[in-house]
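Presented below is the structure to which this report refers.
Readers should treat all values here as calculations from the given coordinates under stated rules, not as data from a laboratory. Given the structure is predicted, the values throughout are model-derived calculations rather than measurements. Methodologically, a virtual Cβ is constructed for each residue, glycine included, from the backbone with ideal geometry; neighbour enumeration extends over all protein chains shown.
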Amino acid sequence: MRGRTIPENSLYVGRFAPTPSGPLHFGSLVAALGSALDARCHGGRWLVRIEDVDTPRAVPGMAEAMLATLERFGFEWDGEVLWQSRRAGVYAAALEQLKAGGHVFPCACSRRELAEVPDSALARDGSRRYPGTCRDGLPPGSKPRAWRVRAGGTIRFKDAVQGCQEEDLARDVGDYIVLRADGVFAYQLAVVTDDAEQGVTHVVRGADLLGSTARQIHLQTVLGLPTPAYAHLPVATNAAGEKLSKQTLARAVDEAPPAHMLVSALSFLGQNPPDGLAAASVGEVWAWARENWNMECVPRVLQWYAPEFSHP
Ligand code: GLU
């Protein structure tokens, strides 16, 4: 199964889509920088979207702090920032479209029930694969909690960094959630709807999301939306191989001078910045980066240890 591809001559539209659950750390800076540079080097637009659809996870004031940090680091986005928390009506319309097409079904399973099902083997990303309990109708007397998409088929795509990818949705993921039991629309539905509405042609983001891409292409296909080109950048980890995040005590990027951080992110992305660039101004770093950005130099690995930025 393949999504409708976007014609190669359309204007490049890229985006950075952080979740405001913690301050910007080195890993998010890498994704922001890679997506912005790739867009600018193609003469494209670069958008910022705040992914606060998961309102219980969003930390109040964090999105504004992230935007201020991006500005201090010399990022310039096009147009207005899109806030997912203001778009529940749009996601609800997408869910209605999925219902009308028979692509989704209500699910009554609780987390505990799913954890107890013996044959729900682990999916590729380590989460539990849905065993199909409610696929053909809710068990008598049970109440719907969530909505799931009927997943099937093999998704293939070529990632600009990670190469050819293939996922058998039924085997590797199972029927996936689009509306959670707590009434929150799932990340997959929000991302696909927003990328299409914003006309995003190129998704450049961390390789921790490589495993979500097949689901997103599947959703694009059933919703009749175009499929962008994908490039998944290596994820910055600590010495234990854990992704840098608030949970793994990653340093906030605000703690070091912006030019120094930007140059470290360029090195991490295999761009080989010259000695001494870290002492230049933020504007000079951007000028060098725009001139020299090359996606082909990005290491073809899923993750990469970033010693300088792991611990406070
Ligand atoms: N909001 C996601 C994150 O912060 C990124 C989603 C995406 O780029 O598709 O990890």
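Side notes on the structure shown:
- The convex hull around the C-alpha trace of the stretch 148-214, projected and averaged over every direction, spans 5.1 square nanometres.
- Angle of helix 282-292 to the longest C-alpha principal axis of the chain, folded into 0 to 90 degrees and rounded to 10: 70°.
- For the chain, the percent of C-alpha pairs falling in each 10 Å distance bin, counted from 0 to the bin holding the largest distance, reads 6, 25, 34, 23, 9, 2, 0.
- Order of 66, 261, 295 under a 10 Å beta carbon neighbour criterion, fewest first: 295, 66, 261
- Charged neighbours of residue 165, selected by a Cβ distance under 10 Å, balance to -1 (K, R count +1; D, E count -1).
- Equivalent ellipsoid semi-axes - Cα gyration tensor, the stretch 178-254, angstrom: 27, 16, 11
- DSSP beta bridge pairing in the stretch 14-163, given as percent antiparallel to the nearest 5: 55 percent
- Every helix of 4 or more DSSP H residues in the chain counts as -39500 (n - 2.57), and over all residues that averages to -9500 deg cm²/dmol at 222 nm.
- Each of 55, 248, 221 has some number of other Cβ atoms within 10 Å of its Cβ, and from fewest to most they run 55, 248, 221.
- Whole-number D in µm² s⁻¹ for the stretch 214-299, Kirkwood Cα-pair radius fed into Stokes-Einstein, 10 °C, 1.306 mPa s: 102 µm²/s
- Its alpha carbons give the stretch 1-61 an Rg and a Dmax of 14.4, 41 Å.
- Bridges between two residues of the chain, per DSSP, are antiparallel at a rate of about 50%.
- Between the amide H of residue 303 and those of 235, distances stay under 5 Å, these residues lying 5 or more places away or on another chain, with hydrogens modeled in the peptide plane.
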